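Shown next, in structure tokens, is the structure this report addresses.
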Amino acid sequence: MRRLNPAAILMLVPTHLLLLVVIALPSIYVFWLSLNESTYGSDLTFVGLDNYVTVLTSSYFWRAALNTLIVVNAVVYIELLIAIGMAALFLGGVRYPKIMFAIVLMPYAISEVVGVLVWKIMLNSGSGVLARTIESLGFGMFNWSVSPPLALSVVTLISIWHHLPFTFLLIYAGMLAIPKSLYEAARIDGATPWQEFWRITLPLTIPAILISLIFRFVFAFRLFSEVWLLTAGGPARLTEVLAVYLYQSGFKYGEFGTASATGWLMVIGSLGVASIYLWAMHRRMLKGND
């Protein structure tokens, strides 16, 4: 049996203490807060699971959950398809690769708030350059602010634009790790570029795809800035997502207990989705070791 190195354990202690202070203790406190009734200037009153019942019986919560489900799935899977296509193009070779690479990564270097506000200005129905361009093409006035489906579509577009570089990097790194000898052998056998992609590139990139899905589902599940800065959940709370519903409950209505309960329900939902892809990765690793 391998003995633990005391020096190695001591070097890991600061990291574990940081995780304990920054993640574990606040999470425990939020869970305790979710079991209590609390608002500004009042003491905690233990109510058990009443806050969870309140949240789960709220029509606003289920509307926000549905919006979150729709937007998150659209963002993650559309972004994944675009990232796979872009990574395949870069793998095959593009002109001026350094310049193209910088252009692709540029959105990730921009602050999320700044990026959303710039998009909001460009899509302004009165003076925005994109809105006026759409109108000049004969599609009518692009008044997304009064149409919940259109507003959520804009949220999806902005989220994909901002986070696409992250997914692209993961997928591209996975494709670069594929041995070149496999492509050489496929070409000797007469495989077309399309066959190389379907038979070699895509199957061997699945681990990177699963990792990107885990990260993007967890990150997208707490989508907030895009919705809050564009619509603030309106009109009539029809474009709320779960993170905005949590914010409204906690900071607008002062219901810290229900806000904390919403936060824990979001954590459980994120873990549930992530567990599916972790299980798929685990099965693939076991299959590869057989």
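List of remarks:
- R0 of 30 Å, Cβ-Cβ distance Ile99-Gln195: FRET efficiency to nearest 0.05: 0.45
- CD proxy at 222 nm, helix term only [per DSSP H run n ≥ 4: -39500 (n - 2.57); per residue of the chain; nearest 500]: -22000 deg cm²/dmol
- Under the simplified labelling scheme, the Thr39-Ala24 pair shows an inter-label distance of 3.6 nm, with each label point 7 Å from Cα along Cα→Cβ.
- Charged neighbours of Ser58, selected by a Cβ distance under 15 Å, balance to 0 (K, R count +1; D, E count -1).
- Reachable aspartates and glutamates from Lys120, criterion Cα separation under 18 angstrom, eight or more residues apart if same chain: Glu112, Glu135, Glu226, Glu240
- Simple spin-label estimate for Leu10 and Arg187 in nanometres, 7 Å along Cα-Cβ: 5.5
- Qualifying GluC sites (Glu not before Pro) in segment 129-237, DSSP loop, other Cβ atoms within 10 Å at most 11: none
- Summed side-chain charge close to Val72 - residues other than Val72 whose Cβ falls under 11 Å, Lys, Arg +1, Asp, Glu -1: +1
- Rounded to the nearest whole Hz, the Karplus-based 3J(HN,Hα) values (6.51 cos²θ - 1.76 cosθ + 1.60, θ = phi - 60°) of segment 28-40 follow the sequence 5, 5, 5, 5, 5, 5, 5, 9, 10, 8, 8, 8, 4, with x at glycine and proline.
- 3J(HN,Hα) couplings calculated from phi for segment 113-121 with the Karplus curve 6.51 cos²θ - 1.76 cosθ + 1.60 (θ = phi - 60°) are, in sequence order, 5, 4, x, 5, 5, 5, 4, 4, 5 Hz; Gly and Pro show x.
- Here segment 147-253 is assigned +1 on the Cβ of each Lys and Arg and -1 on the Cβ of each Asp and Glu. Its dipole about the Cα centre then comes out at about 220 debye.
- The magnitude of the dipole of the chain, with charges of +1 and -1 set on the Cβ of Lys/Arg and Asp/Glu and taken from the Cα centre, is near 760 debye.
- For the chain, with +1 on Lys and Arg beta carbons and -1 on Asp and Glu, the positive-most of Gly190, Leu80, Leu19 along the dipole: Gly190
- Cβ-derived FRET efficiency at R0 25 Å, Ile276 paired with Tyr77, nearest 0.05: 0.95
- Close amide H partners of Asn36, meaning residues 5 or more places away or on another chain with modelled amide H under 5 Å apart, are Val47.
- The ranking of Glu112, Glu240 from fewest to most other beta carbons within 10 Å of each one's beta carbon is Glu112, Glu240.
- Among Leu210, Gly250, Leu265 the positive-end extreme of the charge dipole of segment 69-289 (Cβ point charges): Leu210
- Local electrostatic count, Ser125, Cβ distance below 12 Å [Lys/Arg +1, Asp/Glu -1]: +1
- Summary of the geometry: segment 68-123 and segment 173-216, compared by the centres of their Cα atoms, lie 21 Å apart.
- Two-site label geometry, Ile268 and Leu66: point separation in nm, points 7 Å out along Cα→Cβ: 2.1
Readers should treat all values here as calculations from the given coordinates under stated rules, not as data from a laboratory. This is a predicted model, so every value here is computed, not measured. Virtual Cβ from ideal backbone geometry, glycine too; neighbours counted across all protein chains shown.
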